[in-house]
Structures are given as C-alpha cells and as structure tokens.
1. How do B:GLU44, B:GLU159 rank by accessible surface area computed with a 1.4 Å probe, from largest to smallest?
2. Quick check: at a probe of 1.4 Å, how many percent of the accessible area of region A:4-50 sits on carbon and sulfur atoms?
3. Return the residues of region A:1-43 for which accessible area with all protein chains present is lower than in the chain on its own by 40 Å² or more; set the probe to 1.4 Å and exclude ligands, DNA and RNA.
4. If I ignore ligands, DNA and RNA and count only protein heavy atoms, how much of A:ASP16 is accessible to a 1.4 Å probe, in Å² to the nearest 10?
5. I need to check one value: relative contact order of region A:156-230, counting alpha carbon pairs closer than 8 Å and at least 6 residues apart, in percent.
6. For labels at A:VAL106 and B:ARG106 in the simple 7 Å Cα→Cβ model, what's the distance in nm?
7. Students sometimes get this wrong: rank A:MET5, A:MET15 by accessible area, probe 1.4 Å, all chains present, largest first.
8. Using a ≥ b ≥ c from the Cα gyration tensor of region A:4-50 (square roots of the eigenvalues), is it rounded, prolate or oblate, where a/c under 1.5 gives rounded and otherwise the larger of a/b and b/c decides, a/b for prolate?
Amino acid sequence: MIACMRARRQLSAYMDGNLEARPARRVALHLDACPACGARWRSLRSAVAMLAEAPRLECRDLISTRVGDRLEVETRSAGLALILRPTWKARPLIFPSLIPAAAVLVVVLGLAFVLDRDHDPLPAVVTRGAESWGPTAASGTESNPLFLSAEVSAPRVRTAAPINDLLAALGEESLFVETVVARDGSVSTVTLLGGDSLQAGPLLEALRHERFEPGRRHGRPVAVSLYRLISRTDVHAPVT
Amino acid sequence: MAAGEFALRSAEALAGGASLEHGLVEQCRRGDAQAFARLVALHEGMVFNLAARLLGDPEEARDAAQEVFLQVYRTLGRFEGRSTLKTWIYRIVVNHCRNRQRWWRRRRKDRSCPIDALTPADEARLAEHGPRAEGPEERLERRERARAVQSALLQLSFEHRAVLLLREVEGLSCEEIAGTLSIAEGTVKSRLSRARDALRGSLAGRQELQ
C-alpha cells in the first residue's frame, strides 16, 4: 500500500481521472484502507462539488446595453455631424449633456461681454520679434567690442587726455568708466558705470579725445572695451 | 439512439457551433453592431459570473465585464481562431481581473465582500434557480453554502482561484486552461491540486467552526 502523503498528492489527478490504471487502483485501495485519507478524499470531493454547484451569479443590468452605449459614444462621428444630425438619431444620454453645456457657454460669453463694456480697454500690447532687433554686429567692431584676453592685446595710449586739473576738481570721488577703443585708435564711446555723473561730465568729455594704439587680435586691429577706475591720488615728498 | 449516433450528432453540433462562431466573429470584424450585440449577449453571463467570482464584488464585476467586452471589440481583429472565442474571452477576463486586483492592492483597497455581495435581488434569483420543493430552511442552507464557497474562494491566491474556477465552474480542460492562462499544462495541474486542497481546508475549517 502506498504512503498517505503520496496518496494525498495524487488525489487531484485521481479526481480528474488523470492517473493510469495501476496508480489509480493503488490510490483507491489506500483510500479504502486509510480512514484519515478516506475522510480527506470525501471532504475534497465535497468542497469541489460545492464550488461546481454554486449558483451562477447574474448581473442585474444588461451588460450588452451598457457596452452598446459605450461603443456608440466612442464611435460616434464628432464635430458638426454630431450637432446637425436628426433629433431622433441622437441617443438620449447625449442631449441632456448638451443643454447645460450650451447654457454654460451662453453665461460665460455674456459675462465676458458685460465685463468688456464696463472697463476701458487695455492698451494694445505691441510685440516685436527678435528680427526687429537687427542683426548682431560682428565681434571686434565698435558695436560689439571685445574684452581683454590672452588673444586680445590691450590698446596703448598714444595721446592721453589732460585730466589732471579735472581730477583735482573731482576731490575724493572715484569714477568707474568704460571706454570703447575703436579699430582706428579713436575713442568710440565713453560710459560712466559708477560715480557722480554731474562731476564726471568734463572728465568724460576729455576722455573722448584720447587716442590709442588699437588693440589687436591675431594681428588685426579690433575694437576693445577698457574698464578703468579713475581717482585722485596725492603724492607727497618724503619727510626727511 | 445508439452511443455512436449520439457522438456523431455531438460532433456535428460542435462543428456547427464553431462555424456559427466564426460567422459571428467575421460579422463583428466588418463592424456589424448587431452581431457584436449578439456576441455580448451570448457571453455576458459567463463573463460576469467569472469576474464576480474572481473579484468577489458584483459592482466591480459589472464594470470589469463591460471593459472586457470593449477590449474584445477593439482587439477582435487580432483573434486568430487558434482557440475558441470563449477561451479567448476567458483569457481577457482573467487578465483584466488580475490587473484590476493589482490596482486595488496598490491603493490598499483590496476588499472582499462575499456576504454583502448578495443583494436581495441576487438571493431572489438564487431562490428561483433552486429546486421547486425547497423549503425556507433548505434555501437558507443553500445560501449559506454559496456564501461559504465564495468566501473560501477569496482566501485563495488569484492564480489558484482562476485555475479552480475555469476548471470546476466553467468546465475547461487542463489543456484549455493552459492555453487561456498561457502556462504549461503541468503547472495547471499542480496549481489545481493546491487550489482544491486549499479550498477543502478552508471549507472544512469553516464547518468545524460552525
């Protein structure tokens, strides 16, 4: 006789008739002889029978109707065809939803109209595209000067501005000035970046008359931006 | 009628059913809405019952059944006819219910309501399907048994539940279940054995408690 464990492992196959004749006979003999396995077999058959005989659950609604409605909504032609089709062709579920939608649209449009009349119109916003800025000037020109670097040599002063008297008038004030030295060595622009603009006026005018040996890049003259901090320094003879 | 004649007639009926099914599928593929409605009506009971048993919730099962048929409609073009339409639909039901249950678990909404699931309408329907001469006590007992079975089912893992339902309730062979679930036939048999044993244990434990 086979062992209980082995017989129990084969119960499911035995139930389905999947065991060959000899193993099936051995299981049957064991079930007859072993009360515990016999009880287990009976409870297994009872449980499976309870499941097989359980009443089929049925849906309260017709699923086919729900599926049909969903499919019609999904496959319905959109746009004007939806609005212009005959009334009798419309499904009842779409019309009730169109009415509140139309009401909301009318209210929103009405409110927009009323609010628009009550207030002055906002000034028109003029937008300009990037093309209106004009093309970017080539680097190294007066409109797009270069900064000092390893490749760009510094312009050297040929004719300095007579600024000593002007510095005296400046007192303790310091000025931070940007000077663009053009490709021909003249001063293209002078811009006061820091300091008192009222006091700096004559000094800036003087700086515009400076002349330089232009800065160069790869041997060619280029426009260069110079940044200078200008301040007065009093030098006294050492006391002996 | 001789046994041979009966077998022959059954085979003819099967062949007729297959050709009817093929015709219905072809009509559905051509966009015949009435043919698809017929297809849904033919299978909705089976789909709902399986989904309800797998999910343990009639409302969820109704939504699942609807989604299953929408998926059938959308993917019918890919049905190659290598299995029966019914087996193919079973596969969609099981996959859909498995995904739905995973979705629940991710949101910690896993629930089973085999007892609450039976509304008075369900119970009335169960009573209609019972034996005519059934008294109130027998009816109550049958109802309790149905609840116990569903409760025991929901204690099994989803995979065991699916195998057990396809075999014992839907009557599929192990080979058909293997095709439906895309697993080996040996796996079906071992899962079936474990699932039956677990169901037995659960129901036996319930009876001992009572």
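The values are calculated or read from the model by the stated rules, or taken from the named source; none is laboratory data. Only a predicted model underlies this, so the values are computations on that prediction, with no experimental measurement involved. Here the Cβ positions follow ideal geometry from the backbone for every residue, glycine too, while neighbour counts run over all protein chains shown. In case anyone asks, the SASA skips ligands and DNA or RNA and just uses the protein heavy atoms, side chains included. Shrake-Rupley method; radii C 1.70, N 1.55, O 1.52, S 1.80 Å.
1. Largest accessible area first, the residues go B:GLU159, B:GLU44.
2. Values: 1420 of 2730 Å².
On region A:4-50, the fraction of accessible area on carbon and sulfur atoms equals 52 percent.
3. Relative to the lone chain, where solvent access is computed with a 1.4 Å probe, region A:1-43 loses at least 40 Å² at A:SER12, A:ASP16, A:ARG40.
4. Per-residue accessible area (A:ASP16): approximately 40 Å².
5. It rounds to 42 percent for region A:156-230.
6. Label at A:VAL106, label at B:ARG106, 4.4 nm between them.
7. From most accessible down to least: A:MET5, A:MET15.
8. Numbers: a/c = 2.01, a/b = 1.17, b/c = 1.71.
Verdict is oblate for region A:4-50.
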